[in-house]
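Remarks on the structure that follows.
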Ligand code: FAD
Ligand code: NAP
């Protein structure tokens, strides 16, 4: 769709974002007969997988589970080439879905949504687009991604650098040429750890600037086994049920045993087995208390540190790579040859805790110990997660109150189910803050939210209702419940993006519902069954105006 064709009509829904969430939301609502338009800042569909084209980008949830499950036809028509598909293949899959469901005709690309104001008199949203045009919709659906606002820290002198600069989350479409170049990578989260081994193979010299050493375990990727794919397709209904009822949206879950119940020898055997299998959960599912009991956590942390010591040949470099925070309190990372990369002659590691970055110069990076000369600088510095993309839009609810003002402090982040927030009728957030979202296989969480929102809009239509809004007591109770669950885990003891700690000045607070996707689904279904308990429902008031 080219120009904004919807200026003069009231749409049933405007959806922001054409990643996995926005695409399914469009398909679902359109199928139910609603008028709906999607606005997307990028030039095409894909969201995360459109923007994050850095070398080594791949999923960390097994591909057979990291895809849509709502359509058996889609499932049967697509075959993943490996256990963890790379970004180009995931983007091909997304394009396949967009073509197959003919989604693009209702998506306007290269269009940012800049503002959305609730019009109380007309019970609808006035939405402003980056091209200066406006559109009106009854429902405003933010499918804008949890990790779509890339973060480049405000280093002194950043504009002076004469070389090339890239952020992993805004990677160019053309191949970046590292051949023979002096490359610097800042950041060793999931993105940095995926990119570093590949950049090292091509670069003349690679310097990694690390602030916090990370736990990472092997991906153990392999070519898809046709028999496993056949069985998965044959049993998909049962597998999907297990995913729905699980903790993290994958069919298995933590073993029902404490790490402290086993002898050190038995624990070592169990950890070795998990390590050998590879993948995101093989190690963290070995015991059920690694995320909550300090002594249990220490055992797995020490196991990984021993692996790092064994892999990295230079003991001084190995020392710098030793993680000390509680394992699993940042999203666990899986890698291919990450620690091995530090045995290469063309790679060195700078410990930013010992020598902080003072400035970016025209020729590189100056730390407290000296200047590192660079041709190319890669920021693998993550995202202003969850609230970041929402705050980039001037969202205003009743009485003109902005979402940013409402959520001004960490403790003020208040949502109901992570889907809605009081004072903002007919605003829905797909995988919003205080939902399981980033703690889960996001495909499970996305589909559950989209289905819930579509059902809710259907309920309003069937009952001649115009607006739905979370009540203050309901969101108070939900936010309290989210915080209480988080407080039971070790996650709140670590500075992480889950806690908002990666962004200067961002209020601290745990950002998601940590009770698991199974429990969360039950709660949502229960609320629906009780006629949207905790929400207030409004009939049309338009006649009165
Ligand atoms: P996104 O894919 O982020 O899409 C949101 C879209 O909204 C973007 O295209 C953006 O341009 C657009 N948008 C935002 N604001 C505006 C605006 N104001 N106006 C117009 N458009 C706007 N999750 C997993 O479960 N497993 C994984 O293996 C996994 N790997 C990941 C790897 C990387 C590198 C990253 C960054 C994230 C990963 N995630 C993973 C999380 C991933 O974000 C989700 O799985 C999923 O792709 C999110 O889809 P989405 O549609 O909700 O959001
Ligand atoms: P991230 O986990 O937030 O990592 C950012 C890195 O940059 C960290 O090492 C951080 O250090 C560092 N950093 C940030 N600001 C800095 C500063 N001012 N100075 C020095 N270093 C700084 O971001 P990410 O790696 O992009 O990953 C974000 C999330 O996206 C992941 O947790 C995951 O959910 C998802 N993801 C998934 C995959 C996958 O495997 N499928 C791949 C990429 C991303 P500190 O740790 O000290 O803050």
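For the modelled label position 7 Å from the Cα of residue 324 along Cα-to-Cβ, which residues of region 356-373 have backbone nitrogen atoms closer than 16 Å? Taking a point 7 Å out along Cα→Cβ of residue 324, the residues of region 356-373 whose backbone N falls under 16 Å are 356.
When only alpha carbons are used to place a centre, region 468-535 and region 169-187 end up 37 Å from one another. Length available on full extension from residue 465 to residue 263: 0.36 nm per residue minus the Cα-Cα distance, which gives 66.6 nm. Peptides 490-500, 444-454 ordered by packing proxy, namely the average of other Cβ atoms within 10 Å per residue, highest first: 444-454, 490-500. With the highest mean first, a sort of the peptides 460-467, 395-402 on other beta-carbon atoms found within 10 angstrom per residue produces 395-402, 460-467.
The Kirkwood hydrodynamic radius of region 158-379, based on inverse pair distances between different Cα atoms, is 19.5 Å.
Working from label points 7 Å from Cα in the Cα-to-Cβ sense, the residue 522 to residue 344 distance is 4.8 nm. Principal-axis analysis of the Cα atoms of the chain puts helix 517-529 at an angle of about 10° to the longest axis.
Length gained on full extension, residue 477 to residue 412, computed as 0.36 nm times the residue gap minus the Cα-Cα distance: 22.1 nm.
Taking the longest Cα principal axis of the chain as reference, the axis of helix 236-245 is set at about 90 degrees. Once a ≥ b ≥ c are taken as the square roots of the eigenvalues of the Cα gyration tensor of region 24-89, is the result rounded (a/c under 1.5), prolate (a/b larger than b/c) or oblate (a/b not larger than b/c)? Cα axes put region 24-89 in the oblate bin.
Using only Cα atoms, tell me the angle between helix 294-311 and the longest principal axis of the chain; keep it within 0 to 90° and round to the nearest 10. It works out to around 50 degrees. Once the C-beta distance of residue 401 and residue 537 is scaled by a Förster radius of 25 Å, the resulting FRET efficiency is 0.75 to the nearest 0.05. Here 49, 80 are placed in order of increasing Cβ neighbour count within 10 Å, fewest first, which gives 80, 49.
For the peptides 248-258, 234-244, 507-517, the ranking by packing is 507-517, 248-258, 234-244, with the highest mean count of neighbouring Cβ atoms within 10 Å listed first.
Evaluated at q = 0.21 Å⁻¹, a Debye calculation over the C-alpha positions of region 292-367 (equal weights, vacuum) places log10 I(q)/I(0) at -1.06.
Between the alpha-carbon centres of region 60-90 and region 313-391 there is a gap of 31 Å. Placing dummy labels 7 Å off each Cα toward the beta-carbon, the span from residue 371 to residue 79 is 5.6 nm.
Max-minus-min Cα coordinates of the chain on each principal axis give 76, 56, 45 Å, with the largest extent listed first.
We did not get these values from a lab; they are worked out from the coordinates using the rules stated. Predicted, not measured: the structure shown is a model, and the values here were computed from it. Quick reminder, even Gly has a Cβ in these numbers, built from the backbone with ideal geometry, and neighbours come from all protein chains shown.
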